[in-house]
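A.B. asks: Got a structure for you, written out below as structure tokens; questions coming shortly.
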Amino acid sequence: MRFDICTLFPDMFTSYFSDSILKRAKDEGLIEIRIHNIRDYSKDKHKKVDDTPYGGGAGMLMTAQPLYDCLMAVKKINSGPVVFMTPQGKKLTHTHAKRLAMNNESLILLCGRYEGIDQRIRDLLVDKEISIGNYVLTGGELATMVVVDAVSRFIPGVLGDEASAEEDSFSRRLGGKKEYPHYTKPAIFEGLEVPAVLRSGNHAEIAKWRKEHLR
Ligand code: 6GU
């Protein structure tokens, strides 16, 4: 799956996408992530990308021209939907992330900054709007990383074990419940012992214990 990300802060993404599972997924060609700096598309001589809102009010808005030119350039290399990351969008859930992974070869993710973007960009180019929860972030970058991470987990091969994404918290396989408690070595830590059944080797008893301890 391919992700093209349009942002004013490209450096924010490098560290998160350069480690651990997403790094391996990129190295194995399971996902491809391209970052586009919206400022590079500004035709203003000072590379300006924001301006004051018509009608007044607090803060600045991202102007239409750099966003339009950036998105139009990216649409030439990515035929997927344009997703605008905004607290006004549809709330991301386990099911929503899974559908995004199953139903799209690629996504274009647009990160908002300041008080928002010129409405005409939404009217002309945005296909979907996604929020990651009921709180406001300083920009869409962190939310975009959340979407790329949550969606990538549903791409076959990204998690080592094919079953993992569906055995995690919130999946239907666990009845919408969260997970059972996990333990690893040592058997006793700070006086707390790992339940004996988990060390018994009795797989039927272990499965029963886990089912009883879903939280
Ligand atoms: Cl997608 N963007 C911003 N700025 N804040 C948010 C969000 C997105 N989702 C929740 N809060």
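A.B. asks: Assuming 0.36 nm per residue, please report the length gained on full extension of the stretch residue 9 to residue 26 beyond their Cα-Cα distance.
C.D. replies: Full extension from residue 9 to residue 26 adds 4.1 nm.
A.B. asks: Note down the Stokes-Einstein diffusion coefficient of segment 23-96 in µm²/s, whole number, using a Kirkwood radius over alpha carbon pairs, 25 °C, and 0.890 mPa s.
C.D. replies: Using the Kirkwood radius from Cα pairs, D works out to 160 µm²/s.
A.B. asks: How big is the charge dipole of the chain about its Cα centre, in debye rounded to the nearest 20, if each Lys and Arg gets +1 on its Cβ and each Asp and Glu gets -1 on its Cβ?
C.D. replies: Details: 31 positive and 29 negative charges, 74 e Å.
Around 360 debye, computed over the chain.
A.B. asks: Nearest 5 is fine: what % of DSSP beta bridges in the chain come out antiparallel, could you say? Walk me through the intermediate numbers first.
C.D. replies: Numbers: 4 of 25 bridges.
Among the beta bridges of the chain, antiparallel pairing accounts for roughly 15 percent.
A.B. asks: Sticking with this structure for a sec: Please express the shape of segment 2-152 as an equivalent ellipsoid: the semi-axes are the square roots of 5 times the eigenvalues of the C-alpha gyration tensor, given largest first in whole angstrom.
C.D. replies: 25, 17, 14
A.B. asks: When N is the residue count of segment 163-212, what does its C-alpha Rg come to as a fraction of 2.2 N^0.38 Å?
C.D. replies: Details: Rg = 12.6 Å, N = 50, 2.2 N^0.38 = 9.7 Å.
In units of the globular-protein estimate, segment 163-212 measures up at 1.29.
A.B. asks: Something else now. Sort the following peptides by mean Cβ neighbour count (other Cβ atoms within 10 Å, averaged over residues), highest first: 168-175, 61-68.
C.D. replies: Top of the packing list down: 61-68, 168-175.
A.B. asks: Hey, how many Å between the Cα centroid of segment 54-95 and the Cα centroid of segment 16-36?
C.D. replies: The two parts, judged by their Cα centres, are 22 Å apart.
A.B. asks: Heavy-atom accessible area per residue, the chain, 1.4 Å probe: how many Å²?
C.D. replies: Numbers: 12760 Å² over 215 residues.
Ligands and nucleic acids excluded, the result is 59 Å² per residue.
A.B. asks: Filter the trypsin sites (Lys or Arg not before Pro) in segment 1-45 to those in DSSP coil with at most 12 other Cβ atoms within 10 Å of their Cβ, and list the result.
C.D. replies: Answer in residue order: 43, 45.
A.B. asks: Within the chain, what whole-number % of the accessible surface is contributed by carbon and sulfur, with the 1.4 Å probe and all protein chains included in the calculation? Show your work: numbers first, answer last.
C.D. replies: Numbers: 6710 of 12760 Å².
Looking at the chain in its full context, I get 53 percent from C and S.
A.B. asks: Rank these residues by their accessible area, most exposed first, probe 1.4 Å: 183, 41.
C.D. replies: 183, 41
A.B. asks: From the P(r) of segment 58-143, can you give the percent of Cα pairs sitting at distances over 15 Å?
C.D. replies: On the way: 2162 of 3655 pairs.
Across segment 58-143, Cα pairs with separations above 15 Å total 59 percent.
A.B. asks: Name the GluC sites (Glu not before Pro) in segment 79-160 that are in a loop by DSSP and that have at most 10 other C-beta atoms within 10 Å, would you?
C.D. replies: 105
A.B. asks: Let's test the formula: R0 of 25 Å, r as the Cβ-Cβ distance of residue 77 and residue 135. What FRET efficiency results, to the nearest 0.05? Provide the component values of the computation, followed by the final result.
C.D. replies: Values: r = 33 Å, r/R0 = 1.32.
The computed FRET efficiency comes out at 0.15.
A.B. asks: Quick check on the chain: helices-only [θ] at 222 nm, where DSSP H runs of length 4 and up contribute -39,500 (n - 2.57) each and the sum goes over total residues. Nearest 500, please.
C.D. replies: Counting only the DSSP helices, I get -9000 deg cm²/dmol.
The values are calculated or read from the model by the stated rules, or taken from the named source; none is laboratory data. This structure is a prediction, so every number in the text was calculated from the model and none was measured. Here the Cβ is made from the backbone with ideal geometry for all residues, glycine too, and neighbour counts use every protein chain on show. Heavy atoms of the whole protein, side chains included, go into the accessibility calculation; ligands, DNA and RNA do not. Shrake-Rupley method; radii C 1.70, N 1.55, O 1.52, S 1.80 Å.
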